[in-house]
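Peer 1: Can you read through this structure? Questions will come right after.
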Amino acid sequence: MTSRAALTDAAYLAASILFVLGLRSLTLPDRARRGMQLAAIGMLLAIAGTLLKREIVSYGWILAGLALGAGIGWPLGTRVPMTAMPQRIAISHMFGAVAATLVGVAEFWHAGRGAAVAQVQMVALGLEVLFGSLTVTGSFLAFGKLQGLLPARPLTFPGQNLLSLSLLGGGLGLFGWLVVAPAHPAAFLAMVGLGLAFGISLVLPIGGADMPVVISLLNSYAGLASAATGFAIGNEVLIIAGALDGASGFLLSLVMSRAMNRPFRNVLFGAFGAAPPPGAEAGAARPVRSITVEDAALQLAFARLVIVVPGYGLAVAQAQHQVRELAQLVERNGGTVLFAIHPVAGRMPGHMNVLLAEADVPYDRLKEMDEINPEFERADVALVIGANDVVNPAARSDRGSPISGMPILDVDRARQVIVLKRSMAPGFAGVENELFHGERTAMLFGDARETLAALVQAMRQA
Amino acid sequence: MNVELLQLYVFVLAGFVGFLVISRVPALLHTPLMSATNAISAISLVGSLVLAGSGRDRVASVLGFLAVTSATINVVGGFLITDRMLRMFRRGGPGPGPGGRR
């Protein structure tokens, strides 16, 4: 081993260690920033170590790519608003997968168009381009849906599942054949094409509310593509980083699917996003009690403990700052305000926390479901803003309900519930919500942002 | 033991480490976690660099250039946005309440 090669290996080892330490630092919000800066240093070390490699003979294309990538990456990192985080993450999965796929194709071509590819390496290359290509198109489609370039509703047509399965089966079939007989460049390209097509058919039938699962899953696939790249080109730091990414995405998919009450096998096979089951329409005419802004403000002004339950409606209305103002007023009156964050609030894992943190809500007021649920009994007011299914008591009690068994926030146990809602339309699952008809529930209809602004105004005058 | 098997060991063990480390990340930080793992897995830049600089032929160089560009977008954008998010998370402490220090 030359001293140059030893330096490269040392840089890779240091990078691997710093990556793990960086992810570990995310356990504690106070240490997270420093930890991730260490991980960034690890990345710089790995890049520097690679540039020392003897295989690298010219730097022109490298410098051009680094400059262009940095030029695009900089605004993506500094300018994209926090509300756009889901689509921002989705598109970055695409970039990662593009890199992995291109490296895979080039490796195959370089090895005599497959003629010099050993069987074991072909397994790695196949996994790399299959995971890579389906993540490229899948992530791009997810980006388009989240960005509003495409309709967010599920796009379905007859025979869709059959088409998806044949695309996947075809890709896997070619993969198997290539492992036996690698020297077939046309089959290799066809496999990439089938992967790209499968990515589209995977995400097409998925609606906006299921996006947290999809983004997590694509995160996992992008990581696995990176890990497969590591196998294909014999690079351990790639294998390690890819495995970390793959494990993270897998874990987040598990968390999300549990929180959305979807069996995990549905997630694995991408067979989620099916049309929501028809809910009971019977309760449509049942009475609800509405409340005026002034009365609501009065209740909040005298409350000792207020628990805010923000849902996707809050993010849509961009009302984070109004919520924070309201919370400040309650605290000025001597009350405490906590925020109950359901795992699927927002459009990606943890999105609601980021939005509220940006609005200057301290993170120690943001409580996870298991932590906050026992507190609802003590709460004078539970303020539900744009959330529906995640506060539906039917999930606990009604075994026949489509959302039965879904973990929910026990809002109905609060002394008083105020629900901010645009209309009586049922939530994503299409299920009637018993909470809205509860004895202790009062409805405050209207746009979340305007209503909150009015509440703030009324509390100032109270 | 051959190299491929050793690599498989590395993959499986790194996956376990990832699972253990990441299962302790609170839901509070799941979005930064995702952008962080995304930035870290942009380590595929390492493979792209070798491809772009190996001087094999024009096709390899162009593919390498595109791969380097894509991966660099994730490295630069990913670490920056993760830092931007983590900077926003601050403790409230007793007293002034949410946003009280503004």
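The values are calculated or read from the model by the stated rules, or taken from the named source; none is laboratory data. On a predicted model such as this, the values are computed, not experimentally measured, just so you know. Cβ: placed from backbone, ideal geometry, glycine included. Neighbour counts: every protein chain shown. In case anyone asks, the SASA skips ligands and DNA or RNA and just uses the protein heavy atoms, side chains included. Shrake-Rupley method; radii C 1.70, N 1.55, O 1.52, S 1.80 Å.
Peer 1: Taking the range A:360-390, which residues are touching an Asp or Glu at 6+ places or on another chain (Cβ under 9 Å) and surrounded by 20 or more Cβ atoms within 10 Å (Cβ to Cβ)?
Peer 2: Answer for the range A:360-390, where residues must be touching an Asp or Glu at 6+ places or on another chain (Cβ under 9 Å) and surrounded by 20 or more Cβ atoms within 10 Å (Cβ to Cβ): A:Ile372, A:Phe376, A:Ala382.
Peer 1: Only one of (1) open to solvent by 30 Å² or more (accessible area, probe 1.4 Å); (2) at pLDDT 90 or above; (3) not charged (D, E, K, R) is not met by B:Pro94, so which one is it?
Peer 2: The failed condition is (2).
Peer 1: Do you know which of the residues in the range A:324-342 that are more than 9 Å from chain B (Cβ to nearest Cβ) and among the aliphatic types (A, V, I, L, M) is surrounded by the most Cβ atoms within 10 Å (Cβ to Cβ)?
Peer 2: A:Ala340
Peer 1: Also, quick follow-up: If I ask for residues that are assigned to a loop (DSSP other than H, G, I, E, B) and either without any contact (Cβ under 8 Å) to a residue 24 or more places away in the chain or under 14 Å from A:His437 (Cβ atoms) (or both), which ones from the range A:374-403 would you list?
Peer 2: Quick first cut of the range A:374-403, residues assigned to a loop (DSSP other than H, G, I, E, B) only: A:379-380, A:386-388, A:392-393, A:398-403.
Passing the criteria: A:Asn388, A:Asn392, A:Pro393, A:Asp398, A:Arg399, A:Gly400.
Peer 1: Within the range B:69-91, track down each residue that is under 14 Å from A:Arg79 (Cβ atoms), free of Cβ contacts under 8 Å to residues at least 40 places away in the same chain and surrounded by 24 or more Cβ atoms within 10 Å (Cβ to Cβ).
Peer 2: B:Ile73, B:Val76, B:Gly77
Peer 1: If I ask for residues that are more than 14 Å from B:Phe65 (Cβ to Cβ) and aliphatic (A, V, I, L, M), which ones from the range A:56-78 would you list?
Peer 2: A:Val57, A:Leu76
Peer 1: Go through the range A:142-163 and report how many residues are open to solvent by less than 60 Å² (accessible area, probe 1.4 Å), touching a residue at least 60 places away in the same chain (Cβ under 8 Å) and either within 27 Å of A:Pro185 (Cβ to Cβ) or not in a helix (DSSP H, G or I) (or both).
Peer 2: Looking only at that region, the number is 1.
Peer 1: Tally time: how many residues in the range A:96-141 are more than 13 Å from chain B (Cβ to nearest Cβ) and outside any loop (DSSP other than H, G, I, E, B)?
Peer 2: 8
Peer 1: A:Ala345 passes all but one of (1) farther than 26 Å from B:Leu86 by Cβ; (2) open to solvent by less than 20 Å² (accessible area, probe 1.4 Å); (3) at pLDDT below 85; which number fails?
Peer 2: So the condition that A:Ala345 fails would be (1).
Peer 1: Please determine whether any residue of the range A:55-63 is within 18 Å of B:Asp83 (Cβ to Cβ), crowded, with 22+ Cβ neighbours inside 10 Å and within 7 Å of another protein chain (Cβ to nearest Cβ).
Peer 2: Within the range A:55-63, the first condition is being within 18 Å of B:Asp83 (Cβ to Cβ), and the residues that meet it are none.
Scanning the range A:55-63, I find no residue that is within 18 Å of B:Asp83 (Cβ to Cβ), crowded, with 22+ Cβ neighbours inside 10 Å and within 7 Å of another protein chain (Cβ to nearest Cβ), so the answer is no.
Peer 1: Going by the conditions given, is A:Ala67 open to solvent by 50 Å² or more (accessible area, probe 1.4 Å), among the small types (Gly, Ala, Ser), more than 19 Å from B:Thr37 (Cβ to Cβ) and more than 7 Å from chain B (Cβ to nearest Cβ)?
Peer 2: Values: open to solvent by 50 Å² or more (accessible area, probe 1.4 Å): yes; among the small types (Gly, Ala, Ser): yes; more than 19 Å from B:Thr37 (Cβ to Cβ): yes; more than 7 Å from chain B (Cβ to nearest Cβ): yes.
Judged against the criteria, A:Ala67 is a match.
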